[in-house]
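Enquirer: The following block contains the structure, expressed as structure tokens.
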Amino acid sequence: MNRLLYSVMIASIALTGCNDDSSSPSAATESSSETLEYRAIDGYLGSASIYSDRNGNMIAEESEFIGTTDSQGRISVSALDAQFAVIVRVIAGVTTDTDIQGTVSESKELIAKSGIQYITPLSTLAAIQNMNLEDLAAELGLDPDQVTGDFIAKGHKKTHAINRSINKLLKTSLADSVSNKQTIKNNSATIVRHIEDSNFSDSDLTDLVLIINDDGSVGNSTSGSENKRDFNVDDLRVVWEQKDFTEISYTPDVVDQGFHPCYIRLLDTEHLIVGNCMQTKFLKLSVNTGQIVAESEQFSSGVISSWYIDGPFLALIDSNGSDIYLGDSLERVTPAPEDLVYDSAQIITAIPHSVVYRGEDVGIDYRLSTATWKSFKNVYARGGEFSQWRGDEMERYSYTLDGVETSTAAESRGGMQMSIINYYNALVDDIGLPSPKGTLQDVRVEWIKDDIYVAAVDFEPNFASSDHHFLKVGNTTYHLGKMFGGHWQIGLGDDNIYSYSAFKGQGNENHIIRQYSLKTGRLVGQWEETLNGLPANLYNIIYTSKGIFANSDSYSTVIRLDSQ
């Protein structure tokens, strides 16, 4: 496959999903001899891909694709396909979940045996154990009538919470879930016992997700926290720091003196991919410990032009526009098309600062080729879609994976700068701001996503200075205060925006992450670390469901931050 690469900053594409199964959805559909109504449930899962496992190998193959679910997780399945097990493939950033009123953040594959029309985490647990649902329910001590139907519609909140929790135990692929089936089964039994032994109210159960900690204990979380996770910045700590790359097989050249970790991406729920600045070497790190668990071959300088994550594979794009896929051990592999998420995609976000375009639309071609590095959906936190703000054209453009472009009217860059200047002037007397002495060009505007912008008023452009920053959400503007410039992005939820400042001038010697509410514009959290405690400028930060990951190529370090 040949791909055109354009130098633009983009968000990574993540995959995630969850499902539910049961035996019979409705009398109306059961009476039909042509189709049956199936339903994918964790919450109700919309835009999930459905497959009929006609050859019984528990692999969602392209030739077995049936279609996608509606917003309530429903899909019609022919009587012929209903003879086989049905697989649900849920894609992060694409598949919706009514539990969180948004897209899921982890890719999953769920399955239900033939004859079961509700595909759920419990039906998946039964299938990978080669058990029927009734026997599994009996073994776990559950009421069979509550696990074989639509537990949401019937109001079985305890069963709903159990399914949400078991879904967290399942792996990205069915093959991996089968490989870990005994551990998943044991942990599922622990979850059921914990729920049965605890006095959870119906209110508690509404969005409860139980987590198995590393020490085997059970922790309480919520569906919102697990799928659209924001962080309590006040309680952040450094979980691990990986800065020892001496043991890898790597030959430095004149340009790159040693392995410098420039780019990071979450591969799956357990691993992080780290690429060096020259894109000649790739490492796989454990998200739990930071240990290096695999390394790629070393490529010659200039061979790899970009890379992205495609399901369980690391996809490298060589200088000819062709793909090189790396597997579990970062060895070269040749995956089947049905194992790839982006095999037929027209637009793919990639590293570094690239978008891959395979379409033939001249207009889209031009707009992508002239996009700026500040044009992205939501700096790493979102996936599945590339967007850009063209302030001079007063338009925002969004692109789906299949190359569909949508334009939305937006405020012009000049209009945005003028509105910020006017807002600034209104505050001059109110809070004692200095009168402006600059021009509109001294107002830097950064588009975040949708109608959210951050602006800095810099009236001393020739000096490293602490500037007044403003947050604009729709028609509302907030004064965030005076601070050194930083790297802005939204976390996994839609409630907060974060700034990381790496400037080490007077008055800002420390690392600082600030957390502001998008609803009030107020500072709701702040994390600081001294240069002695963490002697590295953090150049890339990604917010994930497994923590905040950051890297510094100049100090050759990768770190994981998380709440206490």
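The numbers here are math on the coordinates, done by the rules we state, and not lab data. Note that the structure is predicted; figures quoted are calculated from it, not measured. Cβ sites come from the backbone with ideal geometry, for glycine too, and all protein chains shown count toward neighbours.
Enquirer: Report, by chain and number, residues whose modeled amide H sits under 5 Å from the one on Phe386, excluding near sequence neighbours (fewer than 5 apart, same chain).
Expert: Result for Phe386 returns Tyr399.
Enquirer: Among 233-245, 79-91, what's the highest-first ranking by average C-beta atoms within 10 angstrom per residue?
Expert: So the peptides 233-245, 79-91, ranked by packing, come out 79-91, 233-245.
Enquirer: If you rank Ser466, Ser322 by fewest surrounding Cβ atoms within 10 Å, what's the result?
Expert: By the 10 Å Cβ count, ascending: Ser322, Ser466.
Enquirer: Given contacts defined as C-alpha pairs under 8 Å and at least six residues apart, what's the relative contact order of region 62-113, whole-number percent? Walk me through the numbers before you get to the answer.
Expert: Working: 48 pairs, mean separation 16.5, N = 52.
Relative contact order comes out at 32 percent.
Enquirer: Check which residues have an amide H placed less than 5 Å from Asp467's amide H, if you skip close sequence neighbours.
Expert: Placed amide hydrogens put Met483, Phe484, Gly485 under 5 Å from Asp467.
Enquirer: Now for a separate question. What is the packing order of peptides 470-482, 47-59, taking the mean over residues of other C-beta atoms within 10 Å and listing the highest first? Mind showing how you got there, number by number?
Expert: Details: 470-482: 16.3, 47-59: 18.5.
The packing order, highest mean first, is 47-59, 470-482.
Enquirer: Which of Leu174, Leu205 has the fewest other C-beta atoms within 10 Å, and how do the rest follow up to the most?
Expert: The fewest-first ordering by Cβ neighbours comes to Leu205, Leu174.
Enquirer: Can you list residues from other chains, or at least 5 along the same chain, whose modelled amide H is less than 5 Å from the amide H of Leu314?
Expert: Leu326
Enquirer: Sticking with this structure for a sec: When a footprinting reagent is the concern and you count Cβ atoms within 10 Å, what order do His353, His160, His260 take, fewest first?
Expert: His353, His260, His160
Enquirer: Here is a follow-up. Order these peptides, 104-116, 182-194, 325-337, 548-560, by their mean beta-carbon neighbour count within 10 angstrom, highest first.
Expert: 104-116, 548-560, 182-194, 325-337
Enquirer: Along region 147-153, what does the Karplus equation 6.51 cos²θ - 1.76 cosθ + 1.60 (θ = phi - 60°) give for ³J(HN,Hα), rounded to whole Hz, x for Gly and Pro?
Expert: Karplus-based 3J(HN,Hα) across region 147-153 equals 10, 9, x, 7, 5, 6, 4 Hz.
Enquirer: In terms of the Cα gyration tensor, with a ≥ b ≥ c the square roots of its eigenvalues, is region 134-277 rounded because a/c is under 1.5, prolate because a/b exceeds b/c, or oblate?
Expert: In terms of gyration-tensor shape, prolate.
Enquirer: Enumerate the calculated ³J(HN,Hα) couplings along region 157-162 in order (Karplus 6.51 cos²θ - 1.76 cosθ + 1.60, θ = phi - 60°), each rounded to whole Hz, writing x wherever the residue is Gly or Pro.
Expert: Ordered by residue, 3J(HN,Hα) equals 5, 5, 5, 4, 5, 5 Hz.
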